[in-house]
Amino acid sequence: MADCDLPLTASTPRTTALGLASSRIMSAFQEIYPAIQRLGKSYQQNTSNSLKFIDVYLVFIMASGVLQFLYMLAVGTFPYNAFLAGFISTVGSFVLAANLRIQTNAQNSTDFKGISPER
């Protein structure tokens, strides 16, 4: 029996749909990729080192909060007060660091005239 004479199976439409979906995802990624590159290049050129340092700390705090939450989901909630204390302190640290980033940004200097630059 030749390959073209094989009957269509139930998996054929699914395979075609997966191929179509992956091609749509790839075309969307190809459209978004230049914008992501411009964003990264602009961030590297226009952001001061102090703001980059605060951004690294914000990413670390966010990752710490996510890990605490995933640990709670995986292990359980037996010491629930300990989870709450750790997670709430992570959220508080993130909020305070985000406020520090807003205040130290040179573009916001007109909004925070009364605050000394030393902080």
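List of remarks:
- Candidate set from the range 100-119 (those that are among the β-branched types (Val, Ile, Thr) and at pLDDT below 90); member that is surrounded by the fewest Cβ atoms within 10 Å (Cβ to Cβ): THR110
- Residues considered: GLY65, GLY86, GLY19. Of these, the only one that is at pLDDT below 90 and part of a helix (DSSP H, G or I) is GLY19.
- None of LEU73, LEU58, LEU84 is free of Cβ contacts under 8 Å to residues at least 60 places away in the same chain and within 17 Å of the chain's Cα centre (by Cα) except LEU58.
- Residue match in the range 38-50 (condition: assigned to a helix (DSSP H, G or I), surrounded by 11 or more Cβ atoms within 10 Å (Cβ to Cβ) and either at pLDDT 90 or above or in contact with a Gly (Cβ under 7 Å, 6 or more places away or on another chain) (or both)): yes
- Residues of the range 71-99 classified as aliphatic (A, V, I, L, M) and touching a Phe, Trp or Tyr at 6+ places or on another chain (Cβ under 9 Å), total: 2
- Test: residue in the range 92-99 that is at pLDDT below 95, within 15 Å of SER50 (Cβ to Cβ) and not in a helix (DSSP H, G or I): no
- Options PHE78, PHE29, PHE53; residue that is modelled with pLDDT under 95 and either in the same structural domain as ASN108 (by TED's automatic domain parsing) or not in a helix (DSSP H, G or I) (or both): PHE78
The values are calculated or read from the model by the stated rules, or taken from the named source; none is laboratory data. Nothing here was measured: the structure is a model prediction, and the numbers come from that model. Cβ atoms come from the backbone with ideal geometry, glycine included; neighbour counts cover every protein chain shown.
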